[in-house]
Amino acid sequence: MTMSSITFLYFFLPLFVGVYALTPKKHRAKTLILGEGVFVGWHSLWALIPLGLSSLCAYILGMLIDNRRSDKPRQKKVLAVMICIELSFLVICVLASSGAVKSELAAKAFPPLGVFVYTLSSLSYCFDIFKGEIRCDHRFSLVTAYVGFFPCLTAGPLMRYGKVLPQFEAPEITLDKLSRGISLYLKGLAEKCVLSATVYGMWEQLTKLDIGGVSATTAWLGLITGGMFVYFEFASISHMARGIALMLGIELPVNFDHPFKSGTVTELVKRFNVSVTAWFVDYIYRPINGDGKSRAFTALATIATGVTLSMWYGPGLSRLVFGVYAGILCIAELWWIKRPSKGFARVLTLIITMALMHLGVVFFISNDTSYALSYILAVFGRNGMLIDNLTLYFFENYAVILGICIFITTGLADLIYKKLDSYKVSFLPFLQPVWQLLLLVLCTAFLSGSAQSIPGLMN
């Protein structure tokens, strides 16, 4: 069961929200734990064991760290134990999912769904206690609800305990939050099962072709399609997570901020998965970089952050290559490239940024590094063809959906809605429930068909 499945949409979500709403505020954290158990246990009951251990470690070791505030050496030892435990979960997950460890039990207990999120949440909780930003919480239910908050388990957002604690203590369910939450969830669901699934169909067709017979234009169309697939995969996850959280009375920060509007690679990385990028910057980049005066440490910190961030999205050599590639681009921008803020130069840098990042996309979504390299060579005309019949075929079949995707990713759709809303257009409130119903019907139709078999990048 995922957030974009018929079971979740029509059974788990309405039933859970109903039970949660009827639960007294002081006991809602316990209800969240129940929801986490069902959501994770639906995939595998074995997966509940490391989730429970991670929460228990955060709770107990967080208290030990807090109780040793006056003894930094002992604090560091306890934190080191916490880091080793959580990293061991990540290592087992990576080895099991990559097939390096042939263990059915390990694959069931450490599925990619959830492990990467709850381990970093547990670490964040203990890191912030160690730095003195928060005090440990003696309420186990709140710590557990935070660590395994199920709307975020697929790919975030990653929350900071100090910032979300008041909402977990007394979540307020209002009609406004419920309405906005439903809209956000359905928006994300449509992005997943309509847009992402459709452009993935084109990408899948391309990858089945002999890359040696593909023209440069067709290859570029494939790169654009791959970029749209990645964009809507993570946009959908973020919107669904925030929407479900809003239904539960918890408002999460924006986690996907129109990255394709970025004028630089650095800006794009920050906008792509805001909370996850911020986590790696705070806990990896800054400790390595120190005061930022050494270029060598800045380069090392940037590459390390790029690699670990890319590996967080899934193990594999191709993801590693993508992380190094993105890190090198960020270093080049930091040291040598000036960033224009307006005019034609800004538009030009935006186009260049999109081209550079789309070249890296093939490594991000491909498990075969040699294929990715061959694909990039085809992009630059290695096959000696500028255009072919495949270009016309893909354009005829996918031009409309690609046009819709570009319209959304550039932010034009949101801009038009905000303009209409600022003018207080009278029919917008009336259209909202109609629009929600149409999205529900459309998503149901897709989920009942081919969209249910489309693999995701994070599940």
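The values are calculated or read from the model by the stated rules, or taken from the named source; none is laboratory data. In this text the structure is predicted, and so the values were computed from the model without any measurement. All Cβ positions, glycine included, derive from the backbone under ideal geometry; neighbour counts span all protein chains shown.
From (1) surrounded by fewer than 20 Cβ atoms within 10 Å (Cβ to Cβ); (2) under 19 Å from GLY327 (Cβ atoms), pick out the condition that doesn't hold for PRO253.
Looking at each condition in turn, PRO253 falls short on (2).
Quick one: LEU252 ticks every box in (1) in a helix (DSSP H, G or I); (2) aliphatic (A, V, I, L, M); (3) within 30 Å of ILE173 (Cα to Cα) except a single one, so which number is it?
So the condition that LEU252 fails would be (1).
Give the residues of region 311-327 that are small (Gly, Ala, Ser) and at pLDDT 80 or above, sorted by residue number.
Of everything in region 311-327, those that are small (Gly, Ala, Ser) and at pLDDT 80 or above turn out to be SER318, GLY323, ALA326, GLY327.
Return the total of residues in region 6-36 being surrounded by fewer than 18 Cβ atoms within 10 Å (Cβ to Cβ) and among the small types (Gly, Ala, Ser).
Residues flagged as surrounded by fewer than 18 Cβ atoms within 10 Å (Cβ to Cβ) and among the small types (Gly, Ala, Ser) within region 6-36 amount to 2.
Output the qualifying pairs, or none if there are none: Cβ atoms under 7 angstrom, residues six or more apart or on different chains, first residue in region 436-449 and of a type in the set (A, V, I, L, M), second residue in a helix (DSSP H, G or I) and surrounded by fewer than 13 Cβ atoms within 10 Å (Cβ to Cβ).
none
For region 37-55, which residues satisfy the criterion of being among the β-branched types (Val, Ile, Thr) and buried (at least 17 other Cβ atoms within 10 Å of the Cβ)?
Passing the criteria: only VAL40.
Name the helices (runs of 4 or more DSSP H) wholly within region 160-248 that hold at least 1 residues that are hydroxyl-bearing (Ser, Thr, Tyr), assigned by TED's automatic domain parsing to the domain that holds CYS405 and touching a residue at least 24 places away in the same chain (Cβ under 8 Å)?
175-190, 197-207, 216-247
Is it true that some residue in region 145-152 is in a helix (DSSP H, G or I), surrounded by 15 or more Cβ atoms within 10 Å (Cβ to Cβ), touching an Asp or Glu at 6+ places or on another chain (Cβ under 7 Å) and hydroxyl-bearing (Ser, Thr, Tyr)?
No, region 145-152 contains no residue that is in a helix (DSSP H, G or I), surrounded by 15 or more Cβ atoms within 10 Å (Cβ to Cβ), touching an Asp or Glu at 6+ places or on another chain (Cβ under 7 Å) and hydroxyl-bearing (Ser, Thr, Tyr).
Name the single residue that is nearest to SER121 (Cα to Cα) among those in region 270-299 being within 12 Å of the chain's Cα centre (by Cα) and among the aliphatic types (A, V, I, L, M).
So the residue we want is VAL276.
Inside region 282-297, can you point out the residues that are in contact (Cβ under 8 Å) with a residue 12 or more places away in the chain and either aliphatic (A, V, I, L, M) or buried (at least 20 other Cβ atoms within 10 Å of the Cβ) (or both)?
Once the filter is applied, which keeps residues that are in contact (Cβ under 8 Å) with a residue 12 or more places away in the chain and either aliphatic (A, V, I, L, M) or buried (at least 20 other Cβ atoms within 10 Å of the Cβ) (or both), region 282-297 yields ILE284, TYR285, ILE288.
Residue check: is ALA58 within 28 Å of the chain's Cα centre (by Cα), surrounded by fewer than 14 Cβ atoms within 10 Å (Cβ to Cβ) and either among the aromatic types (Phe, Trp, Tyr) or over 28 Å from CYS443 (Cβ atoms) (or both)?
no
Applying the selection to region 109-144, what residues are without any contact (Cβ under 8 Å) to a residue 60 or more places away in the chain and surrounded by fewer than 23 Cβ atoms within 10 Å (Cβ to Cβ)?
Answer for region 109-144, where residues must be without any contact (Cβ under 8 Å) to a residue 60 or more places away in the chain and surrounded by fewer than 23 Cβ atoms within 10 Å (Cβ to Cβ): ASP128, LYS131, GLU133, ILE134.
Test VAL265 against the stated conditions and say whether it is modelled with pLDDT under 85 and touching a helix residue (DSSP H, G or I) at 6+ places or on another chain (Cβ under 7 Å).
It is true that VAL265 is modelled with pLDDT under 85 and touching a helix residue (DSSP H, G or I) at 6+ places or on another chain (Cβ under 7 Å).
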